1. Specify which residue in the list A:LEU139, A:PHE54, A:ALA166 is farthest towards the positive end of the charge dipole of segment A:12-252, using unit charges on the beta carbon of Lys, Arg (+1) and Asp, Glu (-1), about the Cα centre.
2. Report the accessible surface area buried between chains B and C, summing both sides, using a 1.4 Å probe on protein heavy atoms only, in Å² rounded to the nearest 100.
3. How high is the relative contact order of segment A:12-252, in percent, with contacts defined as C-alpha pairs under 8 Å that are six or more residues apart?
4. Using Cα pairs closer than 8 Å and at least 6 residues apart in sequence, work out the relative contact order for segment B:2-289, in percent.
5. With the contact rule set at Cα under 8 Å and sequence spacing of 6 or more, what percent relative contact order holds for chain D?
6. Given +1 on the Cβ of Lys and Arg, -1 on the Cβ of Asp and Glu, and no further charges, what dipole in debye does segment D:18-225 carry about its Cα centre, rounded to the nearest 20?
7. To the nearest 20 Debye, how big is the dipole of segment B:2-289 about its Cα centre, given +1 on the beta carbon of each Lys and Arg and -1 on that of each Asp and Glu?
8. Using the crude model of +1 on Lys and Arg Cβ and -1 on Asp and Glu Cβ, and no other charge, please compute the dipole size for chain A relative to its Cα centre, in debye to 20.
Amino acid sequence: MPEKTNRNTPLLDIRNLSRHFGGLKAVDGVSFQVNEGEIVGLIGPNGAGKTTLFNLISGFLKPTAGEIYFRGLPIHGKRPNAIARLGVGRTFQIVKPFGELSVRDNVLAGMGHNIYPSLQAFLHVYHTPTAIARANDILENVGLAAYADARADTLPIGLQRRLEIARALALSPILLLLDESAAGLTHQEAEDLAALIRDLRDRGITILLVEHNMRFAMNLCERIVVLNQGRILAEGTPEEIQTNPAVIEAYLGHSGVVRREA
Amino acid sequence: MGYLISIATFACIWAVLALSLNILTGYAGQVSLGHAAFFGIGAYASAMLTVKAGWSFWPAFVAAILITGVVGGFLGLPSLRVRHDFLVLATMGINFVVIAIFKYVSFFGGALGIIGIKKPALFGWTLRGPWFLALAALYLVLTLWISAYLSRTWAGLALTALREDEDAAEAVGVSVPRFKIYAFAISAALAGGAGSLYAHFLGSVFPDHFAFVESIGIMSMVVFGGIGTLRGPVVGAFILKALPEYLRFVGDYRYAIYGGVLVLMMLFQPQGILGDNSWLWNKIRRRIND
Amino acid sequence: MRSQKLLVILLVLSLLVVLAGGCGQSKPKSYKIGLFSPTTGFAAADGTSALHGAELAVQYINDHGGINGVKVELVHYDDAAKPDQAVNVAHKLIEQDKVIAAVSGSYSGATRAASAVFQDAGVPMVAAYAVHPEITKTGDKIWRVGTLAVVEGKVGGALAVDKLGAKKIALLTIDNDFGTSLANAFKEYVTAKGAEIVFEEKYPLGEKEFRPILNRIKEANPDVVYASGYYNEAANIVRQAKEVGLNAQIIGQEGYDSPKFLELAGDAAEGVIITTDLNRDSDREITQWFIKTYKEKYNLDADMVGASTFDAVMVLAYAIEKGGTKADGIVKALGELKDFEKAATGPFYKFTPGREVMRPLGAQVVKGGAFHFFAEFDDPALITPPW
Amino acid sequence: MSLWNILLDTLTQGSIYFLIAVGLTMVYGILKILHIAHAAVYTIGAGVGLAVFKLTGSFWLALIAAMLVSGLVGVIIYRGVYFYMLDQPRIVPLITSVGLFLLIEDLLQKPYLMGPYQHAFPAQEVFPSITLPWGTIPNAQVMILTLTGVALVALYLIFTRTRLGLAWQAAAQDREMAGSVGINLNRAIALNFLLGSALAGAAGVLVGVFYNSVYATMGDVPSYKAFVVIVLGGMGSVTGTLAASFLLAFAETVLLASVGYVLPRDAIAFLVLIFVLMFRPQGLLGR
């Protein structure tokens, strides 16, 4: 576990970040910070650039311009696995479980992050009692203990989203990037998920989440960043966002999600 | 007896080839139709070190494994750029290019191959017949052990992870390029050892011994037996390597039957004869559990 | 788990043993000669011709009273021209069929691999047409009746410069052991005689499209093109040479020597001269019997591969008759062989200490859609194998 | 070597590559199967063509018969085999295809079918040689070029002007989607195999006549060589395959006409392939 960062530097500092696909400016000069211990929501209409931004932060895309600092260290241009090992866990909007592995082995795969870069990975067996115990703990935490031995691709989609969180938690992350984890959940399931996320925050994990479900985001997040057409439209507390005229305009202009769901 | 020993020796060598390909394709999900290239590199390395440089078998055997491993890692580079069917064809291409180099570069003996490769000796005593079979079987056991152990290590888990989903593997800290190269290197190294044994068993190597059809044969063994398992490639190799021999009573229909068996197998048991959930494997397990 | 896996492996292994072991049985009161040749796979044409040739030899021997009254029995296995199968088959012939001696009707790679098995087991083997120079160096049990490519290349050179008076020569070489050996010997001979190599290129086995290369040869304007290859490449070479207007004399070798060359090349084959050991116009009784019976029995014209395999069996039968069924006797008889007349490809003067055959070599020209006598090379300086 | 010769050789060699590869690319486009047995269908076409030619003496009857039989064999391969493994990992149909190829080729080699020897296919005279101011096109090359042209026009019309062609394009984009918008997928795929295989059969006849030889193992080289073409063409694109065929033929011809065989023809082709894939992992002309 990396040691504590300087209080003054934000945990995640995004400066003037851009990513263009040909002529399309998917992310266009975005700057914002995430501080330690926060739950920050990233919202915006379809095609606003939320997932692109996630992919930039986690290293799956290289920025066209701009910088990303994690705990004061530049991480733009680093490979995803290096960023993951620095303590940035993520989930995927379209779930990507290791389908043929058991649920527990999915979590164990995340626990190997520190050993993978070393040739020790070829010497040590992963099914050790300690590792299994820790994996079981994590599964207990996210409520998947009952499915530990099931093949991951046999789980229903809601549980697969939880599995993605569990797998990311196995990295002992400092920052957790959740990409629409509440999509397709029932009201009750979403409530449970929110409780889980708060619990994680209480245990010191900073959370940045992309959400389509506005009510979920508004209830859960302490701060919200609104993206529109690759740019930041607004930033503030849920209350500020809900009353921000630009945000209402953008959402009404698109689908009126704010009014219907918030 | 010599006949059976000879068949068994080849079967052991091909079982190693199948197991090594299984690490690449079964574990790491990188489908390669160029495995015979690694087989050939190992055979040539060992043949040249003994015949031209005058080494004895044992250091040459080890060197062949190492050389093939390094070259294999290098030849795995295309896998960093191309995936799926494109990778299949790129590896196929590697096979052709490697054979062409053996054939066209006189340093490697050209079309005349390398002749006069001696059988290994232990304390001045030449290993032949059953003793060579024992050596091949020992190497097969070693390969089995490595395969089995690898699948239980963190590295094995990383390979499985990248097979299942490259993005997700990266997201949990697995360097996908690095582990792909590892997979190619390990797989090639083991195949290189098989190549060395083959060269010394046969006494001569020619470029055409390692042609594309051999790659197809090795892949067929892996899939036929049950990809991703340990038992599958071994059993696949033993059956398919020996099949043409014990089909001799059907005369010239050996290969028609061989092809037909492959087709029927894929139609009715696509997971392989002893793959997980195959009819035979389920039966065997039930029998053993009772 | 571990023991289960082992169990399965053992089970399959023992299954193989039972199945494979049940296949061989022996029949007394005959002399068994083994043959391996590729009757399946890419080399099936040559393997089939080889089998035909050997069958005819056995027929001839048995029709003429066998060997000292004992019939000859041919045991044939397909090796698909693969070295590992050839090794398996060699073991099978030696151990299960208990052959007295064997003939290789296969290609160099397979022949070389199998020869080591025969040598180790002390069973004499005669290679019919495999050309690799090192085959006979396996040991004292391994012999060859095919003409060495080194000799044939030299004779090709003599044909080009001495008989045809070529000054400028183009070399088109197939990229295997056969072509490489031929080209080296040919080059050495013709350059020593003052001819100039104006073009040299090798091409891969199985190539069909020679036009780009032939156009370049045309520009080099040679008197003679020495083009090695087998009948299918050869047919395309001569057809396409006609097409691009390359009119130089083409010289081929025994690889062309197949009725299929004439069929595939059609009119373009006219005038092509090849070096070969099978003389269609020979008045020797055995050659005529071979050519006639081959046609009758298989409805095909005989080729060099068939003739060589025929001769391999014939020479073995002779050696068994003279030296008995023990390997030493056979080897001794072969070593002492003089002016052997029962070979379809002409008399064998003797075997050299390197166990290569010394015999006159002929040149045949294609005229009226058939091979005909063109010249014979009998000069010991040309036809003596170098080892 | 003159420009004219290079042009002529490129065009004929490219046409041959295209005829063999186009059926493969159609099949790949719609089913994503590496259909190695396509080369066996090509050989069957050549064999049937030769048999009919020997029987009737008519090149055109031979060509039609070859296309019909090959097309039928293709449909049988799809309905009898591939159809049952569309949901399997791609390695399964690949190995199946290898098995089919071995099975068919080995049977063709039997004496009662094609036998182990090569056979002449002397139908070159059906076409005239054409003499142009800058050179002569021999009859066999006239045949290849005109018939490839006919096939091209026909393919263009089918792909752009018929419902079937549109259905194929839709299915190539997304098989499930195409099924759900009311395209009779099974029929479309079967017809795709029919046409692709018929083209392979035609290619067998044309190549057989062109090189005046037909034999059971003539599919060995096309079985892998055609893949180089379709990969360079972007896997599944007919126009890409066309471009790639001529590009590869041009590269090979120029190399052979200038430097010679640095490496065998096939190794050169694969070297080009690997090189291209390193820079464009989706193929030279892929999206």
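1. Of A:LEU139, A:PHE54, A:ALA166, it is A:PHE54.
2. Adding both sides of the contact gives about 3800 Å².
3. Dividing the mean separation by the residue count of segment A:12-252 yields 28 percent.
4. 34
5. Numbers: 444 pairs, mean separation 102.9, N = 287.
So the answer I get is 36 percent.
6. Working: 10 positive and 7 negative charges, 61 e Å.
Computed about the Cα centre, the dipole is about 300 debye.
7. 660
8. In debye, rounded to 20, chain A gives about 740.
The values are calculated or read from the model by the stated rules, or taken from the named source; none is laboratory data. If you're wondering where the values come from, they're calculated on a predicted model, not measured in any experiment. Don't worry about glycine lacking a Cβ; one is built from the backbone with ideal geometry, like all the others, and counts go over all protein chains shown. With ligands, DNA and RNA removed, areas are computed over all heavy atoms of the protein, side chains included. Shrake-Rupley method; radii C 1.70, N 1.55, O 1.52, S 1.80 Å.
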